[in-house]
1. In the stretch 95-121, how many residues are buried (at least 23 other Cβ atoms within 10 Å of the Cβ) and polar (S, T, N, Q)?
2. For the stretch 57-75, give me each residue that is closer than 23 Å to Asn143 by Cα and either under 17 Å from the mean Cα position of the chain (by Cα) or open to solvent by less than 10 Å² (accessible area, probe 1.4 Å) (or both).
3. Can you say whether Ala181 is assigned to a strand (DSSP E or B) and open to solvent by less than 10 Å² (accessible area, probe 1.4 Å), as far as the supplied structure shows?
4. Looking at (1) open to solvent by 60 Å² or more (accessible area, probe 1.4 Å); (2) assigned to a helix (DSSP H, G or I); (3) of a type outside the set (Ser, Thr, Tyr); (4) closer than 14 Å to Gly12 by Cα, which one does Ile92 not meet, given that it meets all the others?
5. Does any residue in the stretch 123-150 that is closer than 18 Å to Asp179 by Cβ and touching a residue at least 60 places away in the same chain (Cβ under 8 Å) come within less than 6 Å, Cβ to Cβ, of a residue that is assigned to a strand (DSSP E or B) and among the aliphatic types (A, V, I, L, M) six or more places away or on a different chain, and which pairs are these?
6. From the list Ala160, Ala152, Ala187, Ala165, which residue is open to solvent by 30 Å² or more (accessible area, probe 1.4 Å), of a type outside the set (D, E, K, R) and under 23 Å from Pro82 (Cβ atoms)?
Amino acid sequence: MTARIGVVTFPGSLDDQDTRRAIRLAGAEPVALWHKDKDLKQVDAVVLCGGFSYGDYLRAGAIARFSPVMESLIEQAKAGLPVLGICNGFQILTEAHLLPGAMLGNDHLHFICRDQKLRVENAETAWTGDYRAGQEIHIPLKNMDGRYVADAYTLDELEAEGRVAFRYVDFNPNGSLRDIAGITNEAGNVVGLMPHPEHAVEPLVGTGRTDGLPFFTSILKKLVNA
């Protein structure tokens, strides 16, 4: 049976179609989910895609966190449903307290768009199993509020528990503390990161590489072997 992976669309989402395409290229069935609908349509996993949900009013992800779909998503994520938050999706996950910390404006106060080198720090989550720890990959990055922050205790805890999933290499594009580009929850089913793996799944576009495709093949293998 084909794995079904939902992609939530909020007002202001930009990358829902690209994310569904990446899921399809990995061999799973993408399922469109609407922010006002609590029904997750019995999907096996969910991606919160990039964009500017609700125009980033109040704070990036702050309004989307209260969308009806999030009520079901939060409940099921706590029960083990795999969830990936990309860029704005990462911001929403922190606002929903499914991941610790917060996302603030870039330290240089400008929107940034570039190909970004990352190092895989944790290859044991539901979304990173097709990578290897220490592997360096190139993933497109585009954000205005991408600076990951948390108190020292939380940062130390993330480091000690191996919950830093990705780290910026060579250049920190937004001032994120400890060069953190992505993190995971304790169970490893919820992962958030600022760069956009859905833009690195075909040689023709994005970085010209397919370094982002393993996000989607990882979850497919996890679901199939569950």
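1. Qualifying residue count, the stretch 95-121: 1.
2. First, the residues of the stretch 57-75 that are closer than 23 Å to Asn143 by Cα: 57-67, 70.
Matches in the stretch 57-75: Ala60, Gly61, Ala62, Ala64, Arg65, Ser67, Met70.
3. Numbers: assigned to a strand (DSSP E or B): yes; open to solvent by less than 10 Å² (accessible area, probe 1.4 Å): yes.
So Ala181 passes the test.
4. Unmet for Ile92, out of (1) open to solvent by 60 Å² or more (accessible area, probe 1.4 Å); (2) assigned to a helix (DSSP H, G or I); (3) of a type outside the set (Ser, Thr, Tyr); (4) closer than 14 Å to Gly12 by Cα: (1).
5. From the stretch 123-150, the pairs are Tyr131/Val120; Ile137/Leu118; Ile139/Leu118; Asp145/Met103.
6. Sole residue among the options that is open to solvent by 30 Å² or more (accessible area, probe 1.4 Å), of a type outside the set (D, E, K, R) and under 23 Å from Pro82 (Cβ atoms): Ala187.
The values are calculated or read from the model by the stated rules, or taken from the named source; none is laboratory data. The structure displayed is predicted, hence computed values, not measured ones. FYI the Cβ positions are ideal-geometry reconstructions off the backbone, even for glycines, and counts take in every protein chain you see. These accessible areas exclude ligands, DNA and RNA; they are computed on the full protein's heavy atoms, side chains included. Shrake-Rupley method; radii C 1.70, N 1.55, O 1.52, S 1.80 Å.
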